[in-house]
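The structure appears right after this line, and notes come after that.
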Amino acid sequence: MSITDLSSLSTWVQEQHLDDATLREYRQRFEDSNARMLHVQDFLVPSMAEKLGAFLDKEAQFEPQFGLYSEPDRAVTEDEFASREADDHLFRFSKLVGTAPEFQLSPNALTYIRFRKELGSSEFVAFFERVSGLSLRTEDDFGSHAMGRGDFLLPHDDNSRGRKLAIVAYLTPDWEPS
């Protein structure tokens, strides 16, 4: 597959990530990683990342979610979560549940909707197949989460419902791992 097959991604992905040499490098790094993981910095086009970040930060509506290792297929109530031992706690964060009414047609909200749709496009699937070497299928297992003070996501695998690859995009400007 050549860059021309992936050129439509340049709306979303910075072009330096789309050339054949870079794709081969990413594939090698992915395959060499014991965790089969790849970290790519500055992946999204800055203007798109800014719009997505602004939507999620100021326009989206989130609700707290709680998860347990013993109940991996469902979120639990805050009371159920609090009643369990700490070593059963898997996550606490907020999940996107909608858009504030006054922002439903904002440029940022529309960019988010377009991005969700595009992630399932044949071009994005082809890109991630190129990088991972996996044969992937399009599915809508997409979630947006916000992490606040005290929130966490503990070690887990993403092997659910036949998922072969998980993609995580951090949109916090100047994000620091600490």
(message) Looking only at region 52-78, filter to residues that are open to solvent by 50 Å² or more (accessible area, probe 1.4 Å) and in a strand (DSSP E or B); which one of those is farthest from Pro107 (Cα to Cα)?
(response) Glu71
(message) Criterion first (at pLDDT 95 or above, crowded, with 16+ Cβ neighbours inside 10 Å and over 15 Å from the mean Cα position of the chain (by Cα)) does Val13 satisfy it?
(response) no
(request) Could you tell me whether Gly143 is over 29 Å from His17 (Cβ atoms), open to solvent by less than 50 Å² (accessible area, probe 1.4 Å) and in contact (Cβ under 8 Å) with a residue 24 or more places away in the chain? (result) no
(request) Select from region 31-51 the residues that are more than 17 Å from the chain's Cα centre (by Cα) and surrounded by 11 or more Cβ atoms within 10 Å (Cβ to Cβ) and list them in ascending order. (result) Glu31, Ser33
(request) With the checklist (1) touching a residue at least 12 places away in the same chain (Cβ under 8 Å); (2) open to solvent by 30 Å² or more (accessible area, probe 1.4 Å) in hand, flag the one item Ala82 doesn't pass. (result) (1)
(request) With the checklist (1) over 17 Å from the mean Cα position of the chain (by Cα); (2) at pLDDT 95 or above in hand, flag the one item Gly133 doesn't pass. (result) (2)
(message) For region 38-51, check the following and say yes or no: at least one residue is in contact with a Phe, Trp or Tyr (Cβ under 8 Å, 6 or more places away or on another chain), in contact (Cβ under 8 Å) with a residue 12 or more places away in the chain, part of a loop (DSSP other than H, G, I, E, B) and β-branched (Val, Ile, Thr).
(response) yes
(message) I need every pair where a residue in region 97-118 that is in a helix (DSSP H, G or I) has its Cβ under 9 Å from the Cβ of a residue that is loosely packed, with under 15 Cβ neighbours inside 10 Å and among the acidic types (Asp, Glu), sequence separation at least 6 or different chains.
(response) Arg116/Asp140
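The values are calculated or read from the model by the stated rules, or taken from the named source; none is laboratory data. Everything numeric here is computed off the predicted structure, so don't read it as measured data. Here the Cβ is made from the backbone with ideal geometry for all residues, glycine too, and neighbour counts use every protein chain on show. All accessible areas refer to the heavy atoms of the entire protein, side chains included, with ligands and DNA or RNA removed. Shrake-Rupley method; radii C 1.70, N 1.55, O 1.52, S 1.80 Å.
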